[in-house]
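S.K.: Next up is a structure, given as C-alpha cells.
The values are calculated or read from the model by the stated rules, or taken from the named source; none is laboratory data. Everything quoted here is computed from the prediction, not taken from an experiment. Methodologically, a virtual Cβ is constructed for each residue, glycine included, from the backbone with ideal geometry; neighbour enumeration extends over all protein chains shown.
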C-alpha cells in the first residue's frame, strides 16, 4: 500500500492534534455528522473540542469545526464493503491522525448519519480508535427516513450493528420519528432543517449536561458507568418550556416527544438520565415536580439526575432525557465482535484494561444488574464461542428483531369508538386513546 | 287525583342509558320515588347527543316505562345535562352598605347576589347554576343570612356552573320534540350529589364522582355548599373502547367482557388465568388473558381517579374532604372500584346510594340511578309545593332554603 499518499492528507491534522487538551471530543463523521456538528459548534464549551471528519472536501470547507480531518474517499469505500483484507491496511494509514485527535480524551462523542457511505463506514473505526486511545465512546447515530429507500435502511442497520460493537453507549435518533412533528406541506429542505434542529436540541442538552457543573452535577464516570457495556440503543430527547407553569409544561412536552414513543421508551427503560437546565430562578419544587413525574413513568429504572444553572436560562427550563432500554440477555454486539473480528478482541481487551481501572468503583456502585460488561471479556470470548457455536449466530439476533417489531403497531394509535368525536385533550394527552397505550404498558 | 305540581320527573339522557324517575312529594316534604323507566341509549357520545332521532325514540321508551310504573302522565321534566363543555368556577360579588344605620337589608342582599352573578362569560356560554356559598360582612366569613346585621361591606360567594348554549340546547331540544316541557336543567353531577350525599357529608366536605358511560362528573361540597364542579369526558365507554383495542375484539364483545369479567384491581390470583369467548352456538372463538383485561381497566380507572384528584388538589379542596369520596354512576358497579379509589385518593370511599329518599328501595340503592333521582330532588327543592299551609311563614324564616338560586 502506498502510505505516502495518505500522509499529506493526514498531515494538516497531525500538528494541531497536540493542542487538544479538553476531556471531551466531539467528532462529526460524514455529511450528516458534519452538519450536526456545525450547529453544535456555536454552542461554545471550553471543555469540548469539535472535530469534523469527512471524505467530502466541500462539506469540510463549509464546516465550522476548528479541526478538520479530510479522508480519502476511495480507501474508505472499501471499508463499507466490509472486506477485512482491504480494511486492515486502510485502517492503519488513517488511524494515526484519528488517534492523535483522540489522545488524552476522557469521552469521545461521535455524531454520524447512518445509511450513507462515509458515516456508516468510518464511524465504527473512529469509535474503535477512540476506545483504543482510552476514551469512553458515546455515539449518536441519525437513522434515515423511510422514504430514503430500503437499501439505505439496510446499510444503516448494518452500520448500527457494527457501531454498537465498538461503542460504550449508543444513542439512536431516527429521523422517521421526527416526521410526526412536521406537517405535510413542509418542503424537503425544511424537513431536514427541523429534524436537525430537534436533534441539536437533544445534543446541546447532552453536551451541557457533561460540561456545565451545577446544582446537582452528573459526573462523567457516573454517566459512563450507566451507559457502559449496555450495547443497546438509547433514546435522547430534550424539551424546553418557560413561564410560571414551565415545570408542568416541560414534562408534558418531553413525555410527548416523538422519540420517546409516547412514553414507551421510558416504561421499558432500565436506566434513565435526566438533566434539568434552568436559570437562577430554578426552584427545588420545580426540580422535584419534574423528577416526580418522570420517575413515575419509569418506576423500575435506575435514574440518574442532574441540574445545572445558567444565567442565560432565566425563566426557562430545559429537560434532557436519555433512556436506555433493558439490554437483551446476550448483547448481539458481542457476537458480532466474535464473528467478525475475533482476532481483534485480544488487543481490544488489552486497550480496555487500560481504560477501565479508574472507572471500576463507579461501575460496581452504579449498576443495578450484573451485565456482561467489557471487563469480563478478556477471559470470556473463547469460552463463549466454544460453548454455543450455534446460538451465537442465530438465537440472540432473533430475539432482538422480535422485540423491535413488537413496538411497531404502537406508532398508529387508534381511538376506536371515539375516532370521529371531538378530541379529549387533557394536559397534553388525548384521553380517548387507551391509557395503557399512553403509559407504554406492554401486554403479555 | 294527584295535583300535577306534586309530581316531579327527573330525566337523565346518559351515554349508556336514558333514565326517567318519577317522584311524588308527600306530606314530609321529602320526595318519594314512585316510578322508574330506562332505556339503552344509542345516540349519545360522551354525554352529548350525536343522533337525535334515535335519542328521541329512546327517551320516549324510558318515559313511557316510567309513566306506566308510576301511573301518572308526564308533562314536565327536570333535565340533567352534562358534557365536556360544562365548567364550574367560584365568583365573589361586593356591595357597599350605604344606609345610615349600616343595617343590611333584604335589598342589599339581592344586590350583592346580582353582583356575584354578573360574570364575564363568552356570548355562547350559558349559566346553568349559580349557587350561593355564603356571605362575608366586612371581610368576615361564615354568614349564611346576614339580613339585620350591621356592616359596611357585604360580599357574596357564588359557585357558577356554565356550559355552551348550543350544546345545552341540543339536549333540551330533543325533549321538547316529544311535546314535553323542560321545567329546568341541572348539571348531572350536582343532581347526583343531591341524591347520594347525606347532610352531614355536605357539611364535613365530600367529593362526589358520578362516573357514567361517557363522562365523569365531579362535585365537591365543603362547609355545606358546592365549592367545585367539573366534567371529565371519560367514562365506561372508554373502558370498553380500551378493551376493544387492547384485546382486539369488537366493541360489543368488549362491553360484555367488561361486565362479566371486569374488575378495578389486578389481583394476584388471576395472573395466568384465561377467559374463553364463545359464539352463539357455544363454540370457542378466542381466549384472553384475564390479567390483560384487568390491567387495561386498572390503567384507565386509575388515571381517571388521578385526574380527578389532581383537579381537586389544584382547586385547593383536597384537605376539606373530611367525609370522603362518594362514587356513583355505572362505573361504580365495577368490582373493587372503591378499593382502587381509596388507593388513589387516600380517603374513605363509599358507593353512593340514594338513602336520603324514600320509595322503591331496590332502585334507590343502585348507584347508576343517582343522577335521575337527584333530579327529582332538585325539582322538589326548586319548586316548593304550594299547598303547604306554612308557606308564608316558611318563606320568612327560611328565605334561603332554596340554595340553588335562579339562573
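S.K.: Does residue B:368 meet the test of being more than 15 Å from residue B:220 (Cα to Cα) and either surrounded by fewer than 21 Cβ atoms within 10 Å (Cβ to Cβ) or at pLDDT below 80 (or both)? Outline the logic, then answer.
M.R.: Working: more than 15 Å from residue B:220 (Cα to Cα): yes; either surrounded by fewer than 21 Cβ atoms within 10 Å (Cβ to Cβ) or at pLDDT below 80 (or both): no.
So residue B:368 does not fit the description; no.
S.K.: Go through the residues of segment B:75-97 one by one and say whether even a single one is over 22 Å from the mean Cα position of the chain (by Cα), surrounded by fewer than 14 Cβ atoms within 10 Å (Cβ to Cβ), over 30 Å from residue B:24 (Cα atoms) and at pLDDT below 90.
M.R.: Our first condition is that a residue be over 22 Å from the mean Cα position of the chain (by Cα); within segment B:75-97, this holds for B:75, B:92-97.
Restricting the remaining residues to those that are surrounded by fewer than 14 Cβ atoms within 10 Å (Cβ to Cβ) gives B:75, B:92, B:94, B:96.
Still in the running and over 30 Å from residue B:24 (Cα atoms): B:92, B:94, B:96.
Right, trim to at pLDDT below 90 and you get none.
Within segment B:75-97, none of the residues are over 22 Å from the mean Cα position of the chain (by Cα), surrounded by fewer than 14 Cβ atoms within 10 Å (Cβ to Cβ), over 30 Å from residue B:24 (Cα atoms) and at pLDDT below 90.
S.K.: If I go through segment B:225-248 residue by residue, how many of them are in a loop (DSSP other than H, G, I, E, B) and either closer than 21 Å to residue B:46 by Cβ or modelled with pLDDT of 90 or more (or both)?
M.R.: Looking only at segment B:225-248, we keep the residues that are in a loop (DSSP other than H, G, I, E, B), and these are B:233-235, B:248.
Still in the list and also either closer than 21 Å to residue B:46 by Cβ or modelled with pLDDT of 90 or more (or both): B:233-235.
Total meeting the criteria: 3.
S.K.: For segment B:235-266, which residues satisfy the criterion of being away from chain A (no Cβ under 14 Å) and in contact (Cβ under 8 Å) with a residue 60 or more places away in the chain? Don't jump to the end; show me each part of the working.
M.R.: Initially, segment B:235-266 is screened for residues away from chain A (no Cβ under 14 Å), giving B:256-257, B:259-263, B:265.
Matches in segment B:235-266: B:262, B:263, B:265.
S.K.: Just to be sure, is residue A:148 surrounded by fewer than 19 Cβ atoms within 10 Å (Cβ to Cβ) and at pLDDT 80 or above? If you could, list the steps in order and put the result at the bottom.
M.R.: Numbers: surrounded by fewer than 19 Cβ atoms within 10 Å (Cβ to Cβ): yes; at pLDDT 80 or above: no.
No: the conditions fail for residue A:148.
S.K.: Quick check on residue B:101: is it surrounded by fewer than 15 Cβ atoms within 10 Å (Cβ to Cβ), assigned to a loop (DSSP other than H, G, I, E, B) and in contact (Cβ under 8 Å) with a residue 12 or more places away in the chain? Spell out how you get there, then give the answer.
M.R.: Numbers: surrounded by fewer than 15 Cβ atoms within 10 Å (Cβ to Cβ): yes; assigned to a loop (DSSP other than H, G, I, E, B): yes; in contact (Cβ under 8 Å) with a residue 12 or more places away in the chain: yes.
When the stated conditions are applied, residue B:101 passes them.
S.K.: Now a separate question. How many residues, within segment B:78-98, are over 18 Å from residue B:372 (Cβ atoms) and either part of a loop (DSSP other than H, G, I, E, B) or away from every other protein chain (no Cβ under 14 Å) (or both)?
M.R.: The number of residues fulfilling the criteria is 13.
S.K.: State whether the residues of segment B:304-325 include one that is within 10 Å of chain A (Cβ to nearest Cβ), assigned to a strand (DSSP E or B) and surrounded by fewer than 21 Cβ atoms within 10 Å (Cβ to Cβ).
M.R.: no
S.K.: Now for a different question. Can you name every residue in segment B:134-162 that is in contact with a helix residue (DSSP H, G or I) (Cβ under 9 Å, 6 or more places away or on another chain), part of a strand (DSSP E or B) and within 30 Å of residue B:217 (Cβ to Cβ)?
M.R.: Scanning segment B:134-162 gives B:135, B:155, B:156, B:157, B:158, B:160, B:161.
S.K.: Sort out which residues of segment A:421-444 are surrounded by fewer than 19 Cβ atoms within 10 Å (Cβ to Cβ), facing chain B (nearest Cβ under 9 Å), in a loop (DSSP other than H, G, I, E, B) and without any contact (Cβ under 8 Å) to a residue 12 or more places away in the chain, and write them in order of number.
M.R.: Of everything in segment A:421-444, those that are surrounded by fewer than 19 Cβ atoms within 10 Å (Cβ to Cβ), facing chain B (nearest Cβ under 9 Å), in a loop (DSSP other than H, G, I, E, B) and without any contact (Cβ under 8 Å) to a residue 12 or more places away in the chain turn out to be A:421, A:422, A:424, A:443, A:444.
S.K.: Let me ask something else about it. What is the residue count in segment B:1-42 for residues that are buried (at least 20 other Cβ atoms within 10 Å of the Cβ) and closer than 30 Å to residue A:425 by Cα?
M.R.: The total comes to 10.
Residues are listed down the side, and each one gets a yes or a no for (1) farther than 21 Å from residue B:381 by Cα; (2) away from chain A (no Cβ under 14 Å):
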{"site": "B:32", "(1), (2)": "no, yes"}
{"site": "B:51", "(1), (2)": "yes, no"}
{"site": "B:55", "(1), (2)": "yes, yes"}
{"site": "B:65", "(1), (2)": "yes, yes"}
{"site": "B:76", "(1), (2)": "no, yes"}
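S.K.: Turning to a different aspect of this structure: Please pick out the residue among A:276, A:304, A:259, A:266 that is in contact with a helix residue (DSSP H, G or I) (Cβ under 8 Å, 6 or more places away or on another chain), modelled with pLDDT of 80 or more and under 24 Å from residue A:177 (Cα atoms).
M.R.: Result of the check over A:276, A:304, A:259, A:266: A:276.
S.K.: If residue B:269 satisfies all but one of (1) more than 14 Å from chain A (Cβ to nearest Cβ); (2) buried (at least 24 other Cβ atoms within 10 Å of the Cβ), what's the number of the condition it fails?
M.R.: Single failed check for residue B:269: (2).
S.K.: Of the residues B:226, B:218, only one is under 25 Å from residue B:294 (Cα atoms), assigned by TED's automatic domain parsing to the domain that holds residue B:324 and touching a residue at least 24 places away in the same chain (Cβ under 8 Å); which? If you could, list the steps in order and put the result at the bottom.
M.R.: On the way: B:226 fails: under 25 Å from residue B:294 (Cα atoms).
Answer to the selection: B:218.
S.K.: A further question follows. Look at residue B:120 and say whether it is at pLDDT below 95, away from every other protein chain (no Cβ under 14 Å) and part of a helix (DSSP H, G or I). Break it down stepwise before answering.
M.R.: Working: at pLDDT below 95: yes; away from every other protein chain (no Cβ under 14 Å): yes; part of a helix (DSSP H, G or I): no.
It is false that residue B:120 is at pLDDT below 95, away from every other protein chain (no Cβ under 14 Å) and part of a helix (DSSP H, G or I).
S.K.: Only one of these conditions is not met by residue B:237: (1) more than 30 Å from residue B:314 (Cβ to Cβ); (2) out of contact with any strand residue (DSSP E or B) (no Cβ under 7 Å at 6 or more places or on another chain). Which number is it?
M.R.: Just one mismatch for residue B:237, condition (1).
S.K.: Something else: If a residue has to be in contact (Cβ under 8 Å) with a residue 24 or more places away in the chain, over 24 Å from residue A:48 (Cβ atoms) and part of a loop (DSSP other than H, G, I, E, B) to count, how many in segment A:138-188 make the cut?
M.R.: 2
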